[in-house]
Amino acid sequence: MGGTDAKDILGLPKTPLSLSLTQEKKSRPQKESHRKPDGISREVYALTGGVAPLMPSIDVTQLKRRPPADEKVAWQWLPFTSSARKDALQLYHWVRVVNNVPPTGDYSFAKYNKSVVILKYTDEEYENHLTDPVWTKEETDQLFEFCQNFDLRFVVIADRFPVSRTVEELKDRYYSVNRALLRARAQSPADVANHPLMKEPYDITRDRERKRALSMVLSQSRHQEKKDAEILAEAKRITEMRLAARRAEEPVVSANENAGLDKADGVVPGSSVSPSSNSQLPATAVAPSTLTMADYASTLASLRMLHVYLRTYGLEQMVQAASSAVGLRTIKRVEQTLQDLGVNLKPKVPTKTVCDEHLELRKEILTLLNLQKQLQYKESEGSSHREGSFAAMPDTPKDRVFASDPFSFGAERPIKKEQKRKGPGRQADTPSPAHKRPRKMKASDL
Amino acid sequence: MESDMEVMSETDASPPQKLRMFGMGRTIDDREDESGRRRIKDVEVYLPIVCGSVAFFLGKRATEYRTHKWTVYVRGATNEDLGVVIKRVIFHLHPSFKNPTRVVDSPPFALSECGWGEFKIDITVFLHTDVCEKKLELSHVLKLNPENEYGSVPKSIKIPVVAESYNEIVFPDPFESFLTRVYNHPAVHISNLPDGFNLPPTGVADTYHQLRNGDTKDHPLSQWFLTFSEADELFTLTAARQKVQADIAKLKRQLIMVDGQPEGL
């Protein structure tokens, strides 16, 4: 706190309560409202954020307390026994002796020797309640012995078990035996109903499922994770759009959206199709597999559902739908192109015709940019193959293998707008403004 | 699709009318909403409006807190009466005004005040119940000081600072009753109206808007209103589209060439 620093500089006495406050020359920022507690240095206190904890975790006054001066402390090498041991082994250790009185009581660590209570059954009980087609009595006996020895550590038990059984099977057998025993030994069923074993019985199939799911999630590759996240975001967006439309009390047809989603891959979690006979969307099955057509259609539908909207708002929504499938960079390029052409980004006189024209212009600019990218890509590829470079092209899924025939291009290469291209050991040209554009090959790359 | 039907429109002002079926195959939406009203699909009714403000500097009469007298309004783009569609407009002024929520229940939907500051005014537009039950939100930034490239022009008390923006309220698939009521009205524009749409020519529409003469053609501020023409913008847009289309064609040719080239080798 600034106050104590100032006092220190001026040589004034500090507050009487404080013990030795360690002073550092560098002052640290601290809240004026909180006084630093005594007993710990200012910097240590600042580590906690400079704020006192809600509940005092350590009794601060104990930290620098010195032992009372009248005690005489000595350390002696004395024998001891532990109640945790079954034999009467006597060991020796150093003991802190105060005023010639050795401490009493059990060995201080004996209380940590906890063990699990394993039920023991008689042969009679086994005959009556515990027989099982898959398990013999010997195996069950051995299982219980292991449980006793290894403190219910099923992984270890499974490892040592003479007959190879999975962990889940062992657990299942152990817990069902216990349940049967409890039920058998109880005076009335109500007594044991609250026992944890009865309330939540071990379910072997669920356990197997759970472990399988866990291992699947763990072993998911980065790629898969990204795809899953993308799909979930997409589904969320679509359900939100649908919710907005549904709020206007009309069902929305999601046929087009589903078509787009299916092509985009994978399961769409949680989205339900609600076909409506009064569909207002054009039922074009020929819609291209990108999501943009679905976006337009659904935006139009949701606009209609509103029953009233401002033309500017409508245009904004359609522009958003058009830009939904492209990245921010492309959007900026579209806007730049519009400005270069002298067109207002938001029309000053938004009549119906003007808005329609504006939207069409934006779409055409997107097509233009797309074509430009395609052309660049093809040109760079063309040059790379003319020079006969077989630089390995890693696993972009849309690439074809050029190993055999370097000069056959083939017509159907669907170029996505944001396709990345990586090449080990390839030297980049002047860094292009869109880093996602494929790099041009130089002759020096050979 | 029934061929002959009797339509009961539920508005207070219009008696039941019989509509001839449209020959174009337009369907009247058979779904009935809560009050049994029907919508006409693929017809769009839109209302061109201008939302703006006119501000006069008070000159000698200005005090510290009242330097300008301004009026904020929602008017028809061609100064027609909006009362046929709009029921009420609420202007939400800056909280420093007393009773900042100003309600205007009849056309012309305008509000005048004196003040010193520029701020964003939120405008809520309520439509007649037979039009739509939803409200519409707009906003307008009040401008008091003239902007000028050459520096601020000395404020004249005779020439106000005008800020206006054009917009259109769109009603997709309008209610049948609404459509019949307004289709004659000069403030309202309809697109995609089917050819077979036949209504008694005089109809209710005329009398309705004679009852309320809330247009702004003779409004004291009308001389300052701007006119909005789509011609310029359309011109720029069409020119731009042509250029872009030409570029696209050029690129497509280039792409074909690039594709063709390696195969030729």
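The values are calculated or read from the model by the stated rules, or taken from the named source; none is laboratory data. Given the structure is predicted, the values throughout are model-derived calculations rather than measurements. No Cβ is skipped: glycine too gets one built from the backbone with ideal geometry, and neighbour counts run over all protein chains shown.
So here's what we get for this one:
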quantity	calculated
Any chance residue A:314 is at the interface with chain B (Cβ under 8 Å from one of its Cβ atoms) and either in contact (Cβ under 8 Å) with a residue 40 or more places away in the chain or aromatic (Phe, Trp, Tyr) (or both)	yes
Some residue of the stretch B:233-241 being part of a loop (DSSP other than H, G, I, E, B), modelled with pLDDT of 85 or more, under 19 Å from the mean Cα position of the chain (by Cα) and within 14 Å of chain A (Cβ to nearest Cβ)	no
Residue in the stretch A:184-197 that is over 22 Å from residue A:121 (Cα atoms) and out of contact with any helix residue (DSSP H, G or I) (no Cβ under 7 Å at 6 or more places or on another chain) present	no
Helices (runs of 4 or more DSSP H) wholly inside the stretch A:291-353 that include at least 3 residues being more than 22 Å from residue B:234 (Cβ to Cβ) and not small (Gly, Ala, Ser)	A:292-306, A:328-340
Long-range neighbours under 6 Å by Cβ, at least six apart or interchain, first residue among the aliphatic types (A, V, I, L, M) within the stretch A:135-157, second assigned to a loop (DSSP other than H, G, I, E, B)	A:152/A:116
Which numbered condition residue B:206 fails, given (1) modelled with pLDDT under 80; (2) of a type in the set (Asp, Glu); (3) outside the structural domain of residue B:110 (by TED's automatic domain parsing)	(3)
